[in-house]
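Q: After the structure tokens below, expect a handful of questions from me.
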Amino acid sequence: MRAVRLSGTGDPSVLRIDDVAAPRPPTGDRILVRVAASSINGTDLGLRRGVPGAAVFGRLVGLGFDIAGEVAAVGPAVTAFAPGDRVAALLPHNGGGQAEEVVLRQGRAALVPAGVDIVEAAGLPLAGLTALQALFGRAGLGTRPSARVLVYGAAGGIGSFAVQLAALAGAHVTGTASAAKRDFVRGLGADDVVDHEGALDGRERWDVVLDTPGLLDPVQVRPALAPDGVLVTTRVAAVGTARELALGAVRRGPRFAFVATSARSQDLTRLLDLVRRGLLRVPVDRVVPLDQIAEAHRYAESREVRGKVVVTISP
Ligand SMILES: NC(=O)c1ccc[n+]([C@@H]2O[C@H](COP(=O)([O-])OP(=O)(O)OC[C@H]3O[C@@H](n4cnc5c(N)ncnc54)[C@H](OP(=O)(O)O)[C@@H]3O)[C@@H](O)[C@H]2O)c1
């Protein structure tokens, strides 16, 4: 079968489409999915650019963490799915979803409801789950009526879902975006859109700040948080952020939290149901066929993207 592999690390020219062995028939609670589409996430771009060991890792396993497609076979302990079902899933850290077939545990997948497009379903798992779990898990948005929420990086994958989910929960939502993407973010339901630099100047006190690219320094954000406010980040990059995380456990006042996305089937089902009901939109900016994977990566990291780039794999 065809699968995306890395020939090294660096720019998108290191991406290859290899002929590799198809997965073995599923055992236990695993399902074999014929992949129709897989979206590109920041995580794919990071692996390709060169997280240490990524070249070997990428050759062994492959890129692609979001998939949507059709169940082709099920293991003997599978209870939730049958061959022919349409599913979406978030794969584990070894990825491998940008391939014609993939085997995964049933608990990572959810049924794609009738009426939801398979390409849209492929754009949902990692970014949608991260937004949902950051806002309602780490930030407790469900118990913060009329919260003032700042989504930093609101036009990206995670950001575009976070804006919509926070607005649905009744929050007052402000998004940050570069100038050309402001209308896009407003169209997602943001009450205000500001540039990245203007959001944390201390004039506003936020109940929740979601830092989607993981670039903010918690020490600098702290004065812009309400007394029980929280900054949730997708990345603990610096020593200073790790220190703030540890301090948060013992200190009063604004908190700092890290979201580690979990492939919870119930959460993915909840998101897909919102899509089915027309309450959540999967903003697919561009759909690219598998043989143009390098072009898809180039576009995904161009800072032009509004929402998601999805790669189509099998018809
Ligand atoms: N912790 C976890 O479990 C987890 C899970 C999923 C993803 N992640 C991480 O989350 C990050 C974001 O993922 P994504 O899929 O949402 O990425 P994405 O679609 O590429 O979006 C990135 C967003 O960040 C903004 N941005 C980029 N560079 C910026 C800068 N220098 N200053 C301010 N804003 C900037 C962009 O805004 P503009 O282009 O509008 O300026 C864009 O809206 C990735 O690094 C990924 O690895 C972590």
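Q: With the requirement that a residue be out of contact with any helix residue (DSSP H, G or I) (no Cβ under 7 Å at 6 or more places or on another chain), at pLDDT 95 or above, part of a helix (DSSP H, G or I) and among the small types (Gly, Ala, Ser), what does the range 247-303 give you?
A: Result: 296, single match.
Q: Just need a number here: residues in the range 209-226 that are within 15 Å of the ligand (Cβ to nearest atom), modelled with pLDDT of 90 or more and over 21 Å from residue 156 (Cα atoms).
A: The number of residues fulfilling the criteria is 0.
Q: Something else about it: Which residue pairs have Cβ atoms closer than 7 Å, lie 6 or more positions apart in sequence or on different chains, and pair a first residue in the range 158-179 that is touching a residue at least 24 places away in the same chain (Cβ under 8 Å) and under 15 Å from residue 209 (Cβ atoms) with a second residue that is away from the ligand (no atom under 14 Å from the Cβ) and part of a helix (DSSP H, G or I)?
A: 166/141; 171/141; 173/166; 173/167
Q: Scan the range 92-110 and report the pairs whose first residue is part of a loop (DSSP other than H, G, I, E, B) and whose second residue is surrounded by 24 or more Cβ atoms within 10 Å (Cβ to Cβ) and among the basic types (Lys, Arg), with Cβ atoms within less than 9 Å and a gap of 6+ or a chain change.
A: none
Q: Just to check your reading of the model, which residue among 138, 186, 148 is free of Cβ contacts under 8 Å to residues at least 24 places away in the same chain and among the charged types (D, E, K, R)?
A: Values: 138 fails: free of Cβ contacts under 8 Å to residues at least 24 places away in the same chain; 148 fails: free of Cβ contacts under 8 Å to residues at least 24 places away in the same chain.
The unique qualifying residue is 186.
Q: Does residue 123 satisfy the criteria of being modelled with pLDDT of 95 or more and surrounded by fewer than 24 Cβ atoms within 10 Å (Cβ to Cβ)?
A: Details: modelled with pLDDT of 95 or more: yes; surrounded by fewer than 24 Cβ atoms within 10 Å (Cβ to Cβ): no.
No, not satisfied.
Q: Buried (at least 16 other Cβ atoms within 10 Å of the Cβ), away from the ligand (no atom under 16 Å from the Cβ) and outside any helix (DSSP H, G or I): is that true of residue 229 in this structure? Talk me through it step by step, then tell me what you get.
A: Numbers: buried (at least 16 other Cβ atoms within 10 Å of the Cβ): yes; away from the ligand (no atom under 16 Å from the Cβ): yes; outside any helix (DSSP H, G or I): yes.
Taking the combined requirement at face value, the residue satisfies it.
Q: Being within 19 Å of residue 310 (Cα to Cα) and either outside the structural domain of residue 97 (by TED's automatic domain parsing) or hydroxyl-bearing (Ser, Thr, Tyr) (or both) is the filter here; which residues of the range 6-19 pass it?
A: The answer is 13, and nothing else.
Q: Another question, if that's okay. When the range 164-208 is examined, which residues are found to be charged (D, E, K, R), away from the ligand (no atom under 12 Å from the Cβ) and surrounded by 19 or more Cβ atoms within 10 Å (Cβ to Cβ)?
A: If the condition is that a residue be charged (D, E, K, R), away from the ligand (no atom under 12 Å from the Cβ) and surrounded by 19 or more Cβ atoms within 10 Å (Cβ to Cβ), then 207 is the only one that fits.
Q: When residues of the range 29-52 are filtered for being small (Gly, Ala, Ser), modelled with pLDDT of 95 or more and away from the ligand (no atom under 13 Å from the Cβ), how many remain?
A: Here is the first cut: in the range 29-52, the residues small (Gly, Ala, Ser) are 36-39, 42, 46, 50.
Among the residues that remain, those that are also modelled with pLDDT of 95 or more are: 36-39.
Next, only the ones that are away from the ligand (no atom under 13 Å from the Cβ) stay: 36-38.
Final tally of qualifying residues: 3.
Q: Condition first: within 16 Å of residue 153 (Cα to Cα) and more than 11 Å from the ligand (Cβ to nearest atom). Now tell me which residues in the range 121-140 satisfy that.
A: Residues satisfying the conditions are 132, 135.
Q: Next question, about the same structure. Taking the conditions exactly as written (within 11 Å of the ligand (Cβ to nearest atom), within 20 Å of the chain's Cα centre (by Cα) and either within 25 Å of residue 283 (Cα to Cα) or part of a loop (DSSP other than H, G, I, E, B) (or both)), does residue 151 satisfy them or not?
A: On the way: within 11 Å of the ligand (Cβ to nearest atom): yes; within 20 Å of the chain's Cα centre (by Cα): yes; either within 25 Å of residue 283 (Cα to Cα) or part of a loop (DSSP other than H, G, I, E, B) (or both): yes.
So residue 151 fits the description; yes.
Q: Please verify whether the range 155-163 includes one or more residues that are more than 9 Å from the ligand (Cβ to nearest atom) and either surrounded by fewer than 24 Cβ atoms within 10 Å (Cβ to Cβ) or more than 23 Å from residue 300 (Cα to Cα) (or both).
A: no
Q: Right, residue 55: out of contact with any Cys (no Cβ under 9 Å at 6 or more places or on another chain) and modelled with pLDDT of 90 or more or not? Please lay out each step first, then the result.
A: Values: out of contact with any Cys (no Cβ under 9 Å at 6 or more places or on another chain): yes; modelled with pLDDT of 90 or more: no.
In short, no.
Q: Suppose we keep only residues that are in a loop (DSSP other than H, G, I, E, B) and of a type in the set (Gly, Ala, Ser) within the range 187-221. Which one would you say is nearest to the chain's Cα centre (by Cα)? Can you show your working first?
A: Our first condition is that a residue be in a loop (DSSP other than H, G, I, E, B); within the range 187-221, this holds for 188-191, 195, 201-205, 212-217.
With of a type in the set (Gly, Ala, Ser) added as a condition, the list becomes 189-190, 202, 214.
On the way: 189: 19, 190: 19, 202: 29, 214: 13 Å.
Filtering the range 187-221 for residues that are in a loop (DSSP other than H, G, I, E, B) and of a type in the set (Gly, Ala, Ser), the one nearest to the chain's Cα centre (by Cα) comes out as 214.
Q: Considering 202, 198, which residue is modelled with pLDDT under 95 and touching a Pro at 6+ places or on another chain (Cβ under 7 Å)?
A: 202
Q: Next question, about the same structure. Cβ-Cβ distance below 8 Å, separation of 6 or more or different chains: which pairs start in the range 287-313 with a residue that is without any contact (Cβ under 8 Å) to a residue 40 or more places away in the chain and end on one that is among the basic types (Lys, Arg) and crowded, with 17+ Cβ neighbours inside 10 Å?
A: What qualifies is 299/286.
The values are calculated or read from the model by the stated rules, or taken from the named source; none is laboratory data. Computed from a prediction, not measured in an experiment: that's the story for all the values here. A quick note on method: Cβ atoms are made from the backbone with ideal geometry, for glycine too, and the neighbour counts reach across all protein chains shown.
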